[in-house]
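First the structure, in the form of structure tokens, and then the observations on it.
The values are calculated or read from the model by the stated rules, or taken from the named source; none is laboratory data. This one's a predicted model, so the numbers in the text were calculated from it and none came from an experiment. Positions of Cβ are generated from backbone atoms using ideal geometry, with glycine treated the same way; all protein chains shown enter the neighbour counts.
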Amino acid sequence: LASIELQERLSGTCLSDEECAVAWEDAHVSGASAFRKTVDDLGGFYVKTGQIVASRQDLFPKQYSNALAGLTDFVDPLPSAEVRRVVAEETLRPGEVWEDVFSEWDDAPLGAASVAQVHRAVLSEKYGNKEVAVKVQRPGVETTLLGDVKQLKRLAKPLRGTTPVDYYIVFQELESQLADEFDFIREAAAMERIGTTLNEAP
């Protein structure tokens with residue numbers, strides 16, 4: 001937007017529709033490239049921001065969707081001792097020890113991302129002897145990430161209309177999606193419904 005206004009001021013005339021389209025194309029390509037580099041450099045939480053932009057072609061220029069396609073937010077996993085501590089606090093009943101709940105536990109995660117990581121385990125005979133995937137949320141991540149998003153929204157609001165992408169909308173959408181991601185109970189219920197539907201399909 002600023003570059004287009006500058007061109008109009010320097011030339012003393014308004015750009016034609018075709019010239020505006022070319023100028024916007026250049027601005028979007030440049031902005032998308034810079035955004036992708038920033039996301040790649042910062043990683044983690046910022047990758048989620050990029051993923052949202054890439055998935056919302058109804059809100060953002062296609063140049064951003066193309067530049068940000070294929071982003072993943074794999075990060076270094078938590079130490080195994082920390083993971084076991086979190087799982088023990090959340091799952092073990094009073095008087096239980098680890099072996100009362102899990103007969104097998106893989107310390108190496110199947111995947112580790114900015115919000116949580118997933119471990120393969122087998123429940124003890126007491127709990128059905130089933131193979132399960134245990135999703136472990138990173139300690140303190142909910143407060144940290146939602147606090148960061150709140151601050152980013154505050155910074156982005158005065159800039160609305162001055163950049164090719166409305167970053168306030170980006171962070172607003174990110175805030176909503178993160179709230180859903182932190183609700184593991186809701187996510188588990190949704191997965192159970194999907195599993196039931198697939199099992200009942202002919």
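Counted as qualifying within the range 135-202 are the helices (runs of 4 or more DSSP H) with 3 or more residues that are touching a helix residue (DSSP H, G or I) at 6+ places or on another chain (Cβ under 6 Å), namely 141-156, 167-181.
Return a yes/no flag: does the range 138-158 have any residue that is farther than 24 Å from Phe74 by Cβ and of a type in the set (S, T, N, Q).
Looking only at the range 138-158, we keep the residues that are farther than 24 Å from Phe74 by Cβ, and these are 150-151, 153-158.
Checking which are of a type in the set (S, T, N, Q) leaves us with 151.
Yes, the range 138-158 has at least one match.
If you go through the range 182-199 one residue at a time, do you hit one that is more than 23 Å from the chain's Cα centre (by Cα), over 27 Å from Pro77 (Cβ atoms), loosely packed, with under 14 Cβ neighbours inside 10 Å and hydrophobic (A, V, I, L, M, F, W, C)? Checked against the condition, which is being more than 23 Å from the chain's Cα centre (by Cα), over 27 Å from Pro77 (Cβ atoms), loosely packed, with under 14 Cβ neighbours inside 10 Å and hydrophobic (A, V, I, L, M, F, W, C), the range 182-199 yields at least one hit. Can you find, within the range 139-159, the residue that is farthest from Glu181 (Cα to Cα) among those that are over 14 Å from the mean Cα position of the chain (by Cα) and in contact (Cβ under 8 Å) with a residue 24 or more places away in the chain? So the residue we want is Lys150.
Reported count of residues in the range 11-52, each being at pLDDT below 75 and more than 15 Å from the chain's Cα centre (by Cα), is 14.
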